[in-house]
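Here's the structure, in structure tokens; my notes come after.
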Amino acid sequence: MAPGVEQEEVEVLAWFLMQAVVRSRHTLVFGLVSFCSSMGLARPELEDKPYKLHSAMPAYWRFLRLDSKPERRFDVKLFRAEVIEPNQDVFSAVAGRSLGDSSLKAMIRALAPKSEQMRRVEAEFPDRLARAWQRFAEHAPDLKPSATVFLLPAPRFALGGSVRPLGERDAVVFGTEEIALTLESTTGFEVLVHHEMTHLYHIQVNPEMRQMTAEVYMPPYALNKAKLYQVVWLEGLAVYWSKVLNPRAPDKEVLVSGNLAERVVAGWPRIASDLRQQLDSSRKEDIDAYMFGGNTHGRFPHRTGYYVGMLIAERLAKRYSFAQLCRLSGPRLRSEVEEALRDLEKSPLRRQ
């Protein structure tokens, strides 16, 4: 029996084959490919890719079948057994704070009315990912072909897009609702994928960034081991490069905000001065405030670090190639970030 294929699915496949005998050879082949795709099996055209694609959607559909009784609609124990535990290391790495029973119940409740939306994501994601991956790889030919891309059933509040170093493995993780929200846009999907692929390449070629990512973004979330300038650089570079590859994308997609840039400009250069004085801070409160929606005390907008980091990367890109930017580290990175920020601080900031 093929790994991951349940007895029930095998029986259904056997029935399918019997019914298909009377059909033409062309119809049979087409039907088999479609059926295997719905079960999460590899399609021939997706086998030769520079990454592995793992979808947890078959596990989610199995959960729905087993949890079909109305009184068990939000069966956390079953969801944990069917969906979470087979992908425990990945879920823990990207949603470690959202795996308690109450959080999982909220996740199940949010996903319940979105089956049609998730079916579309499941059908379109592989081909859209392949195209976006190829475009990025053209600019990073030394991108290692060893990552695993995970598609997980998750609402946006629990998971968007993430990159995590799982020991020697690299995981690129996307939640279904985040993907669904980008499918209608001509640029949204590629911006999201290219942002995360920048993180992927960054941690592949830069040991400092790999370690910092594990410390800041994964349990036990040791923010005190990272410095603010490192997080600003990691995210700012990803924002910048996703914009370079998708120049027509609006701020709402690139910065996840339609007015962040204007609000930062309105507070310039005071915001630059505040950030520059905090570059070496390892305080959780400071990193959260500039990057992750923490208390800003009204002095600057949430996610300010993303936009200012993008401006820093844009300035440094005048002297460094993309590959060189990703390899900046240690004292050199620290001095380059501060120098770029000082230069930006000296003159009025204008939106381009």
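Just a few scattered comments:
- Test set (1) part of a loop (DSSP other than H, G, I, E, B); (2) touching a Lys or Arg at 6+ places or on another chain (Cβ under 9 Å); (3) not β-branched (Val, Ile, Thr) - Arg319 fails condition number: (2)
- Residue match in region 320-336 (condition: closer than 16 Å to Ser242 by Cα, surrounded by fewer than 17 Cβ atoms within 10 Å (Cβ to Cβ) and among the aliphatic types (A, V, I, L, M)): yes
Every residue, every condition in (1) under 23 Å from the mean Cα position of the chain (by Cα); (2) of a type in the set (Asp, Glu); (3) outside the structural domain of Phe136 (by TED's automatic domain parsing), yes or no:
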{"position": "Leu260", "(1), (2), (3)": "yes, no, yes"}
{"position": "Ala272", "(1), (2), (3)": "no, no, yes"}
{"position": "Gln278", "(1), (2), (3)": "no, no, yes"}
{"position": "Ser281", "(1), (2), (3)": "no, no, yes"}
{"position": "Asp288", "(1), (2), (3)": "yes, yes, yes"}
{"position": "Met291", "(1), (2), (3)": "yes, no, yes"}
{"position": "Ile312", "(1), (2), (3)": "yes, no, yes"}
{"position": "Phe322", "(1), (2), (3)": "yes, no, yes"}
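- Test result for Glu196, out of contact with any strand residue (DSSP E or B) (no Cβ under 9 Å at 6 or more places or on another chain) and not aliphatic (A, V, I, L, M): no
- Residue in region 200-208 that is outside any loop (DSSP other than H, G, I, E, B) and under 26 Å from His297 (Cα atoms) present: no
- Qualifying residue in region 225-241 (condition: of a type in the set (Lys, Arg) and either under 17 Å from Ile312 (Cβ atoms) or touching a Cys at 6+ places or on another chain (Cβ under 6 Å) (or both)): yes
- Some residue of region 95-110 being closer than 22 Å to Leu245 by Cα, of a type outside the set (D, E, K, R) and outside any strand (DSSP E or B): no
- Checking each residue of region 230-244 against the condition of being under 23 Å from Ala132 (Cβ atoms) and of a type in the set (Lys, Arg) gives at least one match.
- Tally, over region 46-87, of residues that are exposed (fewer than 12 other Cβ atoms within 10 Å of the Cβ) and either in contact with a helix residue (DSSP H, G or I) (Cβ under 9 Å, 6 or more places away or on another chain) or at pLDDT 95 or above (or both): 4
The values are calculated or read from the model by the stated rules, or taken from the named source; none is laboratory data. Computed from a predicted structure; not experimentally measured. All Cβ positions, glycine included, derive from the backbone under ideal geometry; neighbour counts span all protein chains shown.
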